[in-house]
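Single-structure report; data block below.
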Amino acid sequence: MVSLFSRMAIKTAVARSFFPRRGIAVVLLAGSFASATAYAQQAPNAAPTAATDQTTPAPPASSDQTPTAVMSNSAPKRGRTRKTAEDKKDEKVVQSKDTVKSEKARKAQMKINPLGKVKSDQPDKQLYDKALIAINKGRFEVARLDLQTLLSTYPDSEYQMRSKLAFADSWYREGGSAALAQAETEYHDFIIFFPNAPEAAEAQMRIGDIYFKQMDRPDRDYAKAVHAQEEYRTMLTQYPDSSLIPEAKQHLREVQEVMAQRESQIGEFYGTHENWAAAIARYQTVVDTYPLYSHIDQTLIGLGDAYASMSRYIRTLKLPEDARGRLLKNYDDQAVAAYSRVVTQYAASPHVEDARDRLEAMNVPIPEPTPEQLAASQALEDSRQTYNLANRAKGLLFRGPDTVQSARIGDPAMADPKATLAPTVSHRSEEAFKNALDPKTAAATSAGAATPAAADAAAANTAAGNTPAAAGAPMSLQDIPAGDAAPNSAVTGTSFTATPTGVAPVSSGGGASVGVTILSPGATTSTPAAPPPAGSVPANYGLKTVGPTNAGDLPPVEKAAEAPDAVNDVAGQKTPQGQQPVFDKNGKQKKSKAEFDKGEESSSTHKKKKGLKKINPF
């Protein structure tokens, strides 16, 4: 009997196999069984493998050392074990950097082209995709031609709105002052055509970005910053539910950071020139308008220093002690208020210790911030970025404003409060001086200022000679004075006939005067003129003739004197007058050539001079 695993059996299986590949597979299978048998003969007492069912007892070894293989088709039982957090963390698939980068690029592309994944072979879709590819590659003119073709050829396409927005984006991405101006116009048109579309918020955002990109440093023209602030405020007001609101708020905070830097630097300039009224006006405007400014603590300290400087100036003046004390108290209190605001509201700012030192030098108790104020100030300072090498290199190479330390949290100011002006500060200082020198007059002035309208009315009546009626007299109407009433007529009861101040009395002529005379019962009037005869019409219907008083003819226009003959300085003789024009039979003027004197000049078209005449240049 031939064994299944003998060499003869293997050769016979290969020789009788019709397919070579199947024969090779049979040979490999047979070889694996042969090796397993040889290993079992060498180690008969080896422990059973892990795949063998452990519940089955091992068979006793026979005398011929032939092992008995026990096969089991049932899988080993596994107990349910709860996975720990570390096992789940190990099994979690971590995306590679390339995968994350490609996913971000896909999301950015979907943001630019939301309809890019739509599978369609329509010509409008192909034009739209072709235009977006051209925009991404920088071929803006080609992209605009494709988009213009789509807009004019397919007015009912579903890509109409996105095409118009992409047309504006092509101008925006091209850059340059002319292209950005055209982009702004296209975005405004898009908002007009599609006011309720979600993309309208994106168009309004891009209008603000146009001015944001053109902003210059704080010490340059700030017109672009003002326009950017207006556009971002419009974006936040008109589209409060847009997904671009956080980005618009951040850009608005950066714009206001630049404008606050400008105002603060101007205040510092006036402070170095000891123009304290102008410095206070600028600092106060920054404090009231831009509370998220990165250097608001320095601004408040500068405001307090300006008031302290005015207080030191008051000490140098020769004033009465009581007046000096009132003025010092006024300015010192304002300086303390500015320093205390730094200590309380901006407790985590870098210059809070400077404010504390100034309060301590003024012998004033230092206030302590509440936990809420301290937490809010700390969160505001933590939101600001710090300078690194890239930021500093960007500031050196590019000319844009520095917005690195602008706040990342907090609501920006949506409306500008009334700006503090230098004349206003000067007037307040003058009023403070007057009140300090004469407190009684100041109290009377403040009491009288409560009713300015009544005071003005009483002054006007006194100037006009009108005495108000008694308190107990009933109110009644007054008669309007007649045109020819006496100016100093007496006032009786509740009627008067005096002429108002500044108004000339109306003359009571015939029809030559122009105007209206109002008569009322009880008013004194003069005897009216005799009425015109019946049926007669007054000259010019009683209206004054319009025109100048001197209606004579104008003098005749004098003929201009003849101009003197021109003198030729070279030849020393007068230039002859021009000849009369000669006309042909058709009435057209003939072109006449000037006479040519061969003895006077030489020309290539005429006979040249001969003899001594060549020497004469005239």
Checklist entry - Cross-link list Lys249/Lys418; Lys125/Lys224; Lys130/Lys249: which exceed 28 angstrom alpha carbon to alpha carbon? => result Lys125/Lys224; Lys130/Lys249
Next on the checklist: I need the peptides 551-557, 310-316, 343-349 ranked by packing, meaning the mean over residues of other C-beta atoms within 10 angstrom, with the highest value on top.
Outcome noted: 343-349, 310-316, 551-557
Checklist outcome for this item: Once Val546, Val142, Val336 are ranked on solvent-accessible area with the largest value leading and a 1.4 Å probe, the list reads Val546, Val142, Val336
Checklist entry - So which trypsin sites (Lys or Arg not before Pro) in region 138-220 end up in coil per DSSP with only 14 or fewer other C-beta atoms within 10 Å? => result Arg220
Checklist entry - Roughly speaking, to the nearest percent, how much of region 262-442's 1.4 Å accessible area is carbon and sulfur? => result 56
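The values are calculated or read from the model by the stated rules, or taken from the named source; none is laboratory data. Small disclaimer: the values here were computed from a predicted structure and weren't measured. Methodologically, a virtual Cβ is constructed for each residue, glycine included, from the backbone with ideal geometry; neighbour enumeration extends over all protein chains shown. In case anyone asks, the SASA skips ligands and DNA or RNA and just uses the protein heavy atoms, side chains included. Shrake-Rupley method; radii C 1.70, N 1.55, O 1.52, S 1.80 Å.
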